[in-house]
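A short write-up of the structure that comes next.
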Amino acid sequence: MTIQQSTDTAHAAMLGLGVHRPERLVTNDEICEVLDSSDEWIQTRSGIRTRRFAGEDETLIGMSVSAAERALAASGVAAGQIGCVIVATSTYPEHTPASAPQVAAALGITSAAFDISAGCAGFCHALNLASSMVRSGAESHVLVIGVEQLSRFMDPTDRGTAFIFADGAGAVVVGPSDAPGIGPTAWGSDGTQAHVITQSPSCLGGHSDRDHPVVQMEGTAVFRWAPFAMAKVAHEALDLAGVGVDELDAFIPHQANLRITQTLAKNIQIPDSVAIATDVVDSGNTSAASVPLAIEAMLRKGEATVGDTALLIAFGAGLSYAGQVVTLPPLGQ
């Protein structure tokens, strides 16, 4: 007896993109009503001017569904064609059940659905999984969602995180294409630096007066690591895709901090002709949602166009990282 296997599909691409940005716009001045800081200090340190926080009635699942519906519409793919739903998040408040099956149910999908947690690198990790599924023939179409509600897990008095993190959701439909639209992924981890971005206390509680965990980050350690280590990863992703840095149309890194983006772009030697995503200025750091949100912002503002070649790279808690060269997808309204 011979076990049958799926038939390979030659290429995969992002077929459609959708996002959800919460309505509540939060300025630095509002942050400083609680945080001992100033608008000038925050902009100097991070480049951030505003960010979005979810309203009390906005759930992580609802935000995911909103972004997914727009991605499906942009792709022209029906919900019934989705063979798997992958949600990348670190802020769904329940350990079990995962958020993805509930997102799938809200969309009328009964296919496989699961969450992954790779911090701010989650979207690029999920994109690699989806591309591999499609190219292997395991699934024809995969829905990838990066979503966070970091405002629910912040200490508003913490000068290391309170002005940085924000909320949002971005989704893409990955499916077969006539030409390669998602390059091989350069990814990895460095668990020796797990202490750099953490939650405290753990879910088991311990010695703390907090009623739930909050995100804590050693910002200086991240700044010393990301712009330099990720430059090597970026060149690995370019080499794997067979694309030169001067052939890029856009560079879209995780929107951690404007200073990190600028230093990383310099270390990669991104040419002046390549557009660089700076959505962190308006949206803050939305962790696993930041890359799709940044893609949307560039397409919406005309800084990039559908079909452009872009380098994605993301990095975060773990420490974990991933990057790939992609073709930018159509945008949902």
Residue that is under 16 Å from ALA121 (Cα atoms), at pLDDT 95 or above, out of contact with any strand residue (DSSP E or B) (no Cβ under 6 Å at 6 or more places or on another chain) and not acidic (Asp, Glu), where the choices are ALA194, ALA231:
ALA231
Quick one: is LEU264 over 21 Å from GLN43 (Cα atoms), in the same structural domain as ALA322 (by TED's automatic domain parsing), of a type in the set (A, V, I, L, M) and touching a Pro at 6+ places or on another chain (Cβ under 9 Å)?
no
With (1) surrounded by fewer than 24 Cβ atoms within 10 Å (Cβ to Cβ); (2) assigned to a loop (DSSP other than H, G, I, E, B); (3) under 15 Å from the mean Cα position of the chain (by Cα); (4) of a type in the set (Gly, Ala, Ser) as the list, and ALA297 as the residue in question, which single condition is left unmet?
(2)
If you check VAL85, VAL26, which single one turns out to be surrounded by 19 or more Cβ atoms within 10 Å (Cβ to Cβ), of a type in the set (Val, Ile, Thr) and within 23 Å of the chain's Cα centre (by Cα)?
VAL85
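Would you check which residues across the stretch 101-123 are assigned to a helix (DSSP H, G or I) and in contact with a Leu (Cβ under 9 Å, 6 or more places away or on another chain) and list them?
Within the stretch 101-123, VAL103, ALA104, GLY119, ALA121, PHE123 meet the criteria.
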Six or more apart or on different chains, Cβ atoms under 7 Å: show the pairs whose first residue is in the stretch 34-46 and farther than 19 Å from ALA256 by Cβ and at pLDDT below 95 and whose second is assigned to a loop (DSSP other than H, G, I, E, B) and among the hydroxyl-bearing types (Ser, Thr, Tyr).
VAL34/THR157
Single match in ALA237, ALA256, ALA229 (criterion: surrounded by fewer than 20 Cβ atoms within 10 Å (Cβ to Cβ), of a type in the set (A, V, I, L, M, F, W, C) and within 21 Å of LEU319 (Cβ to Cβ))
ALA229
Which residues, taken from the stretch 139-162, are in a loop (DSSP other than H, G, I, E, B) and modelled with pLDDT of 95 or more?
GLU139, SER140, HIS141
Step by step: first the residues of the stretch 96-153, then only those that are of a type in the set (Val, Ile, Thr) and in contact (Cβ under 8 Å) with a residue 24 or more places away in the chain, then the one that is surrounded by the most Cβ atoms within 10 Å (Cβ to Cβ). Which residue is that?
VAL147
Taking the stretch 251-282 and keeping residues among the aliphatic types (A, V, I, L, M) and over 20 Å from ARG21 (Cβ atoms) leaves ILE260, LEU264, ALA265, ILE268, ILE270, VAL274, ALA275, ILE276
Tell me, which residue of the stretch 315-326 that is in contact with a strand residue (DSSP E or B) (Cβ under 6 Å, 6 or more places away or on another chain) and of a type outside the set (Phe, Trp, Tyr) is surrounded by the most Cβ atoms within 10 Å (Cβ to Cβ)?
GLY323
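The values are calculated or read from the model by the stated rules, or taken from the named source; none is laboratory data. For clarity, every value in this text was computed on a predicted model and none was experimentally measured. FYI the Cβ positions are ideal-geometry reconstructions off the backbone, even for glycines, and counts take in every protein chain you see.
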